Amino acid sequence: MVNDNKLVYSYLRGKMLIAQDGINEGSEAEVYGWVLSIREQKTLSFVIVYENRKQVQLVIKDKKLMSSQLKQNSVIWAKGTIKITDKAPNGFEIHVSSLKVLSKPKKLPPFNIMSTDVPALDLRLDFRALDLRRPYNINLFTLRSKALQYFREYLISKDFLEVQTPKIIATASEGGAALFPLMYYDKQAFLAQSPQLYKEELTMSFEKVFEIGPIFRAEPSRTLKHLSEAISLDVEAAFHKNEDLMDFLEDMIRYVINRLYEKEGEALKRIKAPVLDVSKKFPRYSYSEVVSWINKNLEEIHEGEDLSSKHLEAFGDHAGGFYFIKDWPLKLKPFYIQPKDGDYSNSFDLMYRGLELSSGGERVHDPALLRKGLKRTGLSAKGFKYHLEVYNYGMPPHGGFGLGVDRFMMVVTGAENIREVVLYPRDVRRLVP
């Protein structure tokens, strides 16, 4: 909201009050925004305008101001006087004395952004910039921005340093074939699967680091929870063991969710988000305990086998909410994970019901053991020459995890499709817009 009197509004007991510098009903205000909806009556018209992600109701009594140019999705400037009323969004409306159309739509939109009948996701993604004007999406992506703010808030309060690592790399960071290759001048390069090797190396200098950024996986998955480009929150810390890392991750999740409920409760209600209970400690099950439960309740599987989506969904229904699966078989984990008791590892996954949110654990800090890990996973030590060389200069014991921000937002908002919580999703079928 813009006006000469510096209009400021604040919330008290769920109601918006306008009271600063003597401003009250009758104060003058200006608004710049785009038209969300128009409702015309015999003697006046009501126009809802979005300004800086907030809805403002305009009341227009002068029919001359309601020109043929004023349509839904028009961008306008309006000036008038404030009237306080509980019937308007945010507790006030502006009675318009002047109005200008700054930009008018040239085409009819393919769907009505105010309709309760939501079009198919593919159509909305084809016209994503328009779809993002829907009130639901305004609230959802405001919540996403706030969640990232609270993650940073927590990590910085724990003395973690935010870093940015390269996204064009010379070799695989995780191993496997899920890589996007590209030409880097006259050399082959890849888009980074994760900042894993860089963040490990950075613990030598900075001890505790985090990064929020894109990761790229060339997996031909067509599920509701996979993307080719995703946003990951990566954390790495020297002198942290497996239990320390799970404690830290659990506390961080609890902090962010509680902050969202404390500060963004109205937006959560507007999108009908589920209520997440983070008051209790997240249960911690070993991989072997999960396998035992599956054998008793679902079907026979063998110790050492990976857990399928069906297994995780069934166990997730049993466990409910957030929980950890720890001590995974070493053969199911990347080369840099610290072994434990021969065939197992000091590793964990954070789950929400059947959805994996985070994977982490202790890392190998012995160069000889790291070479064994590369051999175990079928990777060439030659391709990791620089990374191995770093370990000769005193790598501290360390550990960390990566948290899928997009999947976390699925849990917070209750979205069933990960594409709903990403501004411009990239998957095996979609490269535009």
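The values are calculated or read from the model by the stated rules, or taken from the named source; none is laboratory data. Just so we're clear, the structure is a prediction, and the values are computed from it rather than from any experiment. A quick note on method: Cβ atoms are made from the backbone with ideal geometry, for glycine too, and the neighbour counts reach across all protein chains shown.
L17 meets all of the listed conditions (1) at negative phi; (2) modelled with pLDDT of 90 or more but one, namely (2).
Picking from residues in region 36-68 that are of a type in the set (D, E, K, R) and within 20 Å of K104 (Cβ to Cβ), the one that is surrounded by the fewest Cβ atoms within 10 Å (Cβ to Cβ) is K64.
A quick yes/no check of all residues on (1) assigned by TED's automatic domain parsing to the domain that holds E250; (2) buried (at least 22 other Cβ atoms within 10 Å of the Cβ); (3) more than 26 Å from the chain's Cα centre (by Cα); (4) under 22 Å from D317 (Cβ atoms):
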position	(1), (2), (3), (4)
G360	yes, yes, no, no
H365	yes, no, yes, no
A368	yes, no, yes, no
K372	yes, no, yes, no
K375	yes, no, yes, no
G383	yes, no, yes, no
P397	yes, no, yes, no
G400	yes, yes, no, no
G404	yes, yes, no, yes
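Conditions tested, residue by residue: (1) free of Cβ contacts under 8 Å to residues at least 40 places away in the same chain; (2) within 27 Å of L276 (Cβ to Cβ); (3) in contact with a Pro (Cβ under 6 Å, 6 or more places away or on another chain); (4) of a type in the set (D, E).
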site	(1), (2), (3), (4)
I337	yes, no, no, no
D349	yes, yes, no, yes
L355	no, yes, no, no
S358	no, yes, no, no
V390	no, no, no, no
V405	no, yes, no, no
V412	no, yes, no, no
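For region 212-221, the set of residues classified as modelled with pLDDT of 95 or more and surrounded by fewer than 21 Cβ atoms within 10 Å (Cβ to Cβ) consists of I212, G213, P214, F216, listed by residue number.
Does L245 satisfy the criteria of being hydrophobic (A, V, I, L, M, F, W, C) and more than 28 Å from P166 (Cβ to Cβ)? Outline the logic, then answer.
Working: hydrophobic (A, V, I, L, M, F, W, C): yes; more than 28 Å from P166 (Cβ to Cβ): no.
No.
For region 408-418, the candidate set comprises residues that are within 11 Å of the chain's Cα centre (by Cα) and not β-branched (V, I, T); within that set, the residue that is surrounded by the most Cβ atoms within 10 Å (Cβ to Cβ) is F408. If you go through region 30-48 and keep only what is in contact with a strand residue (DSSP E or B) (Cβ under 7 Å, 6 or more places away or on another chain) and not aromatic (F, W, Y), you end up with E30, V31, G33, V35, L36, S37, I38, R39, L44, S45, V47, I48.
Note on region 357-373: among residues that are in contact with a helix residue (DSSP H, G or I) (Cβ under 7 Å, 6 or more places away or on another chain) and of a type in the set (D, E, K, R), the one that is nearest to Y386 (Cα to Cα) is R371.
One residue stands out in region 85-136 among those that are among the β-branched types (V, I, T) and either over 23 Å from S67 (Cα atoms) or not in a strand (DSSP E or B) (or both): the one that is modelled with the highest pLDDT, namely V118. Restricting the search to region 160-179, which residues are in contact with a helix residue (DSSP H, G or I) (Cβ under 8 Å, 6 or more places away or on another chain) and at pLDDT below 85? Selection gives T171, A172, S173, E174. Here L260, L249, L224 are screened, and the one residue that is crowded, with 18+ Cβ neighbours inside 10 Å and farther than 20 Å from Q338 by Cα is L260. None of V428, V421, V390, V412 is among the aliphatic types (A, V, I, L, M), out of contact with any strand residue (DSSP E or B) (no Cβ under 8 Å at 6 or more places or on another chain) and over 30 Å from R222 (Cβ atoms) except V390. Against the numbered list (1) part of a loop (DSSP other than H, G, I, E, B); (2) hydroxyl-bearing (S, T, Y); (3) within 17 Å of F210 (Cα to Cα), T171 comes up short only at (3). Any residue at all in region 147-163 that is within 23 Å of Y393 (Cβ to Cβ), without any contact (Cβ under 8 Å) to a residue 60 or more places away in the chain and surrounded by fewer than 19 Cβ atoms within 10 Å (Cβ to Cβ)? Yes - at least one qualifying residue is present in region 147-163. Of all residues in region 372-393, those being over 14 Å from F335 (Cα atoms) and in a loop (DSSP other than H, G, I, E, B) number 0.
Specify the residue that is nearest to I38 (Cα to Cα); the eligible residues are those in region 68-96 that are of a type in the set (S, T, N, Q) and touching a residue at least 12 places away in the same chain (Cβ under 8 Å). Across region 68-96, the extreme among qualifying residues is Q72.
Of the residues in region 378-393, not one is modelled with pLDDT of 95 or more, closer than 23 Å to P214 by Cβ and not hydroxyl-bearing (S, T, Y).
Determine if region 35-44 includes at least one residue that is modelled with pLDDT under 90 and of a type in the set (G, A, S). The answer is no; no qualifying residue exists.
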